[in-house]
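Colleague: Once you've had a glance at the structure underneath, I'll fire off some questions.
The values are calculated or read from the model by the stated rules, or taken from the named source; none is laboratory data. Model, not experiment: these values are computed from the prediction. Note that each Cβ is placed from the backbone with ideal geometry, even for glycine, and that neighbours are counted across all protein chains shown. Side chains included, ligands, DNA and RNA excluded: accessible areas come from the protein's heavy atoms. Shrake-Rupley method; radii C 1.70, N 1.55, O 1.52, S 1.80 Å.
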Amino acid sequence: MIQLDRVTYTYPHAKLPSLYDISLKISESSFLAVVGPNGSGKSTLCALVAGFIPHHFHGTLQGQVIIDGRDTAATPLSKLVTPQVGFVFQNPFNQLSGAKLTVREEIAFGLENLGVPRSEMSQRVDRVLELFGLTELVHRSPYELSGGEMQRVALASVFVMEPRVLVLDEPTAQLDPWGTRQVFEAIRTLVQNKRVTVIMIEDKSEWIAAFADRLIALHEGRLVLDGSPRTVLTSSHLDEIGVGVSRYTQAARSTQSAGGWPRDLELPATLDQAVAGFKRARKFYEHLG
Amino acid sequence: MNISVNDLHFSYPNGVEVLGGLSVEIGSGERLAIIGQNGAGKSTLVKHFNGLLKPARGAVNIGDRDTKNHSVAQLARCVGFLFQNPDEQIFKKRVFEEVAFGPDNLELSPEEIEKRVSTALAQVGLSDMRERHPYDLLPAQRKFVALASVLAMDTPILVLDEPTIGQDRYGLTRLGTLIDDLAQQGKTIIAISHDMDFCAEHFERFLVMKQGRIVMDGAKHQVFSHNELLAKAYIESPQMTRLALALELPGPVTTVNEFADVYAKTLRGC
Amino acid sequence: MPVTLFAPKLSYAFFLPRTSPLHKFHPLTKLVAALCIVLIGFLASWPHLPLLLFVFLILPLAAWGQLFRDVGRATLTVILPFVLSISLVQGFFYPGATHVIFSIGPFALKEEGLLFAYRTLGKISVLAGAGLLLMFSTHPADLMLALVQRGFPNALAYIVMTAIQLLPHMQAKATAIANAQRARGLETDANFWRRSRALLALVGPLVFSALIDVNERALALEARAFSAPCSKTSLKELHDSRGQVLARWAMLILLMVFIAWQIWEL
């Protein structure tokens, strides 16, 4: 459904490409997480899917990006990014339109721009408000919200336009733990309720492992790892490329040689996986002793 | 150089009291993490250390200087402050010049400034970026530029406001190593952070704040063994602490190394 | 970059919500009314008209809109600093004036000057009063919506709205920048040279970060279909009526007639 075909992209005035020879097929309704160190090309990849590259950022693009059979370079931006592809940015504040005074109007902003008739708009907005638990905030100014609340409003504002693909560029990077939790719960709601294809850049491994079907890792513009979340997140290659494995993985690794982690079990990426594995190892020891 | 906070009260102009009578002593060379939910008053507290905010009641002393009687620029010689957003201070065309801004304000000799800038850039790993325009760097690197500009002032006390936000593994490792090195040099390091794991790995003393008050003040293991109190202050424990709790290991465990030790002991005991 | 953890109160400070009939009028009606009142006040040849308009038209309208105290107080705040200075300056120095009313030493207060001062103050009152009444009773978002529905460029309306909403944010940013620079030893109350060097340290980051923000915002707008080539709809409804449409035309015609009359009188 989304296909990148040998894509190499260089930003204008940059000496080196930000992405080298990327080929990737993303199937419909899947949830793809993207990891990689700063500067590895993750945001560039997202901008390509949304069509911001090449329409907003010019630069040199080789290869093709095809979404639902259409080449993004040949399709005008207004036909790509919303209605097709919804985009949620890192900075909650800059994502607010700035033109609307209440949360309700803010969410409707995209629909207004698309010329949706008022009655339909109203219904869609109310549905989304309820879906994301924002009904209490309807009359508040978007600028008076906490970071987590702002990001939820941004997510709702994009989701209400019913895109087929949703791209999230580190939506919780600038949030505190409570905001992060709020946003991920909202994403969970989204994933449970609608068959969108999701592409998310995120480094919080526990959440990735909870939602993603597939995980890719980028390093210096190249695609270096691709597989199931647990496999990629516990791969030793992650350390090499500067992403690093989670502490649960480190804990299991450090005790593995002493038999602290079952040999036949994949290393853990999350708390639950870790608890299960360590308990099993301990039971085994108790049987021995 | 000690920091002495005595019955500190502070309210915003609209009358809302933000700090309700805090008292704390921070000794020279300590590594202190201040944690707590948003609105607890963490930022407000540390802004009193370099005089950006003055007490409404009570006093804050840096060494023997009462902050009420000194300007921010004067206190900047003792307390270096890293703000959250480097883009709200960078204005020079070259990284070198940006890092030199602080020492320049201290009216040091050009040779001394050059020495300090080079040292600071080496400490943050940006020596080969000195001639670049700061905005050619990634946002996370700009944060290190801002940090370098504070380090170049060579203050005995450093305050870091959310230094980990936006950093990848490289950045966190570099930051952690830097904090350990600076502490070894005898500097006092105070950080506000939500990253419990990072704090557990690099800080020894924790100040837990809630609604303008200090609810816990103690060594790392002491603080992370009071799970109920932490939960009430809306703080999520470090990952290893949670893991150890779930496995009912004798605690408190806060880092991977501690976990490995404790876990190995329980296995041997089986 | 990171969201400030204390968001300052960012609501528009000039709009004063009230449950008055005046507030319910269509924004264009109020805009046309304000324009007519101001133009009539300015173009009138009769010196007493501006003040009469203010006292017998603007203030009663304000009272009707439950804004009497606000408009009155705000207008006085605008006018009072000028009353004394304009009266004295024009009274003493109005060119070609001869009729002396009062003199102190070499300074003579002349009637023509005082008359001019009176007319000027009247005009300022009308301008301030009508403008404030419009601002207090009409939310700029509604006014912008009304204008856009009549063909005002969408992009321009967007710029006005964001400028208004983001002003407090810019102020907060400027403060944050000043704090960061002072914390690096910048003295902001030293001699002139020091202060002029300080200017770049305070303005530079503001400009740079504003440019970065603008770029991010442009993308965010694209993500909300801002450049979609269809005509836009609106969630909010503005209530208009035939009566108001007629009233607007009537006011404009009245204005034209008045202007014609004043020109003919000349």
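Colleague: Kirkwood Rh over Cα pairs of chain C into Stokes-Einstein at 10 °C, 1.306 mPa s: D in µm²/s?
Modeller: Answer, rounded: 70 µm²/s.
Colleague: With 18 Å as the limit, write out which pairs from A:Lys42/A:Lys194; B:Lys93/C:Lys173; C:Lys24/C:Lys236; A:Lys42/A:Lys204 have Cα-Cα distances beyond it, or answer none.
Modeller: As for pairs spanning more than 18 Å Cα to Cα, those are A:Lys42/A:Lys194; B:Lys93/C:Lys173.
Colleague: Averaged over every viewing direction, what's the projected area of the C-alpha convex hull for the stretch A:39-90? Give it in nm², one decimal, please.
Modeller: 3.9
Colleague: Can you sort A:Thr231, C:Thr138 by solvent-accessible area, 1.4 Å probe, largest first?
Modeller: Ranked from most to least accessible, the order is A:Thr231, C:Thr138.
Colleague: Work out the mean other chain Cβ neighbour count within 10 Å for the residues of A:133-145 and drop it here as an integer.
Modeller: Counting other chains' Cβ atoms within 10 Å and averaging over A:133-145 gives 2.
Colleague: Suppose every Lys and Arg Cβ carries +1 and every Asp and Glu Cβ carries -1, with no other charges. What dipole size does the stretch C:109-266 come out with about its Cα centre, to the nearest 20 debye?
Modeller: That gives a dipole near 320 debye.
Colleague: Where in the stretch A:252-284 is the amide nitrogen less than 17 Å from a point lying 7 Å along the Cα-to-Cβ axis of B:Glu248?
Modeller: Hits in the stretch A:252-284 for B:Glu248 at 17 Å: A:275-284.
Colleague: Can you pull the one-decimal nm distance between simple spin-label points at A:Ala258 and C:Ala250, each 7 Å off the Cα toward Cβ?
Modeller: Label at A:Ala258, label at C:Ala250, 9.2 nm between them.
Colleague: Out of C:Leu80, C:Ser125, C:Leu67, whose Cα points farthest toward the positive end of the dipole of the stretch C:1-131 (charges: +1 Lys, Arg; -1 Asp, Glu; placed on Cβ)?
Modeller: C:Leu67
Colleague: Hydropathy first: keep DSSP H helices in chain C averaging at least 1.0 on Kyte-Doolittle, then drop any whose Cα extent along the axis falls short of 18 Å, and list what survives.
Modeller: In chain C, the long hydrophobic H runs are C:27-43, C:68-93, C:111-137, C:242-265.
Colleague: Sticking with this structure for a sec: If each Cα of the stretch A:121-199 is one equal point scatterer, what is log10 of I(q)/I(0) from the Debye formula at q = 0.14, 0.27 Å⁻¹?
Modeller: The Debye formula, applied to the Cα set alone, gives -0.42, -1.51.
Colleague: Next up: What's the longest uninterrupted piece of chain A once you rule out the trypsin sites (Lys or Arg not before Pro) that are loop residues per DSSP with at most 10 other Cβ within 10 Å?
Modeller: A:16-194
Colleague: Sticking with this one: With just the Cα atoms defining each centre, how far is the stretch B:131-168 from the stretch A:83-99? Give it in Å.
Modeller: Rounded to whole Å, the Cα centres lie 27 Å apart.
Colleague: Return P(r) of chain A (all Cα-Cα pairs; 5 Å bins starting at 0; whole %; ordered from short to long distances).
Modeller: Result returned by the calculation: 1, 5, 11, 15, 16, 15, 13, 10, 7, 4, 2, 1, 1, 0, 0.
Colleague: At q = 0.11, 0.19, 0.20 Å⁻¹, what is the log10 ratio I(q)/I(0) for the stretch C:89-207, with the Debye formula run over Cα points and no solvent?
Modeller: -0.80, -0.94, -1.01
Colleague: Rounded to the nearest 20 debye, what is the charge dipole size of the protein assembly as shown about its Cα centre when +1 sits on each Lys and Arg Cβ and -1 on each Asp and Glu Cβ?
Modeller: About 1420 debye.
Colleague: Under 5 Å between amide hydrogens, which residues at least 5 positions from A:Phe31 or on another chain qualify, with H placed 1.01 Å from N in the peptide plane?
Modeller: Amide H to amide H, under 5 Å and 5 or more residues apart or across chains, A:Phe31 pairs with A:Val198, A:Asp213, A:Arg214.
Colleague: Within the accessible area of chain A, what % is carbon and sulfur when the probe is 1.4 Å and the other protein chains stay in place?
Modeller: With neighbouring chains kept in place, the figure for chain A is 48 percent.
Colleague: So what's the angle, to the nearest 10 degrees on a 0 to 90 scale, between helix A:118-131 and the longest Cα principal axis of chain A?
Modeller: With both axes taken from Cα atoms, the answer is about 20 degrees.
Colleague: Using only Cα atoms, locate the centre of the stretch B:27-86 and the centre of the stretch A:187-204, then give the distance between them in Å, rounded to an integer.
Modeller: First find each Cα centre; the distance between them is then 41 Å.
Colleague: How much net charge surrounds C:Gln244 when only the other residues with a Cβ under 15 Å from the Cβ of C:Gln244 are counted, with Lys and Arg +1 and Asp and Glu -1?
Modeller: For residues surrounding C:Gln244, the net value is +2.
Colleague: For the stretch B:107-229, what is the largest minus smallest coordinate of the Cα atoms on each principal axis, given in angstrom and ordered from greatest to least?
Modeller: 52, 29, 25
Colleague: Continuing with the same structure: Given 4 °C and 1.567 mPa s, how large is the Stokes-Einstein diffusion coefficient of the stretch A:246-289 in µm²/s, with Rh as the Kirkwood radius over Cα pairs?
Modeller: Answer from the Stokes-Einstein relation: 127 µm²/s.
Colleague: Something else: Taking just the alpha-carbon atoms of the stretch C:125-266, what radius of gyration and Dmax come out, in angstrom?
Modeller: Rg then Dmax for the stretch C:125-266, in Å: 23.1, 68.
Colleague: Quick check of the Kirkwood formula: for the stretch B:54-154, what is the inverse mean of 1/r over all pairs of different Cα atoms, in Å?
Modeller: 14.3
Colleague: Would you compute the Debye intensity of the stretch C:1-139 from its alpha-carbon atoms alone, equal scatterers and no solvent, and pass along log10 I(q)/I(0) at q = 0.14, 0.18, 0.20 Å⁻¹ to two decimals?
Modeller: Debye output, listed in q order: -0.72, -0.97, -1.10.
Colleague: When every alpha-carbon pair in the protein assembly as shown is counted, what percent end up more than 34 Å apart?
Modeller: Percent of Cα pairs beyond 34 Å in the protein assembly as shown: 61.
Colleague: Hey, another quick one. Based on the Kirkwood radius over alpha-carbon pairs, what value in µm²/s does the Stokes-Einstein equation return for the translational diffusion coefficient of the stretch B:51-104 at 37 °C and 0.692 mPa s?
Modeller: After rounding, the answer is 251 µm²/s.
Colleague: What number does the stretch B:19-61 give for Rg over Rh if you use C-alpha atoms and the Kirkwood radius?
Modeller: 0.94
Colleague: Which semi-axis lengths, in whole Å and largest first, follow from the square roots of five times the eigenvalues of the Cα gyration tensor of the stretch B:1-97?
Modeller: So the equivalent ellipsoid measures 24, 17, 14 Å along its semi-axes.
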